[in-house]
Every structure is written in C-alpha cells, then in structure tokens.
Amino acid sequence: GDGGVLNDQVVGNYASQGGDSGAPIFTITSGSTVKLLGQHVGKACEVDLNSGTNYGWWCGGSTPQGLTIFSPWDQVATHLGI
C-alpha cells in the first residue's frame, strides 16, 4: 500500500484475533442473505481519536481487547477503482 493514515474507518463490535486482517466483514440480512460491510483492518489499542479516550489498558492482560476496525466496502471499492 501507499502507507499513511487510514481514513473513514469504522469501529465494529465483532470478535477478531490475529490473522483476521483482510477478511470480509458481513452481516446476515434475512434467511441466508448476507450484506458485505467491508474488510477487517485490525485493532486499535491506544486512543479513540474521536473522543480522545485512551484504550491502551484494553490490550493488556491475558485476553487482549481493543477497538476492532474495518474499512467500509465503498472505501475499499473506491481505492481499488471498481
């Protein structure tokens, strides 16, 4: 990639772990129909830039937590030019 700051990211409430980066994030809308929401980016374990809250303590201990982050599909598609 071109590096730099990731823009327009979304905080999710799903469980994730190492190795999930790049995975599709979707929701079941009805029956067996799914809606693609985006692509898993990772976790932020320091500061929520919107509120200024420091979440560093979430990533300590035996069960690391944190803010789970994904890129919305429209942003991924724009970046890929599709």
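The values are calculated or read from the model by the stated rules, or taken from the named source; none is laboratory data. None of these values were measured; they are calculated from a predicted model. No Cβ is skipped: glycine too gets one built from the backbone with ideal geometry, and neighbour counts run over all protein chains shown. The protein model used for the area step is the full one, side chains on, heavy atoms only, and it has no ligands, DNA or RNA in it. Shrake-Rupley method; radii C 1.70, N 1.55, O 1.52, S 1.80 Å.
With K and R counted +1 and D and E -1, the other residues having a Cβ less than 15 Å from that of A77 yield a net charge of -1. Exposure check, 1.4 Å probe, all protein chains in place: T27 carries approximately 60 Å² of accessible surface.
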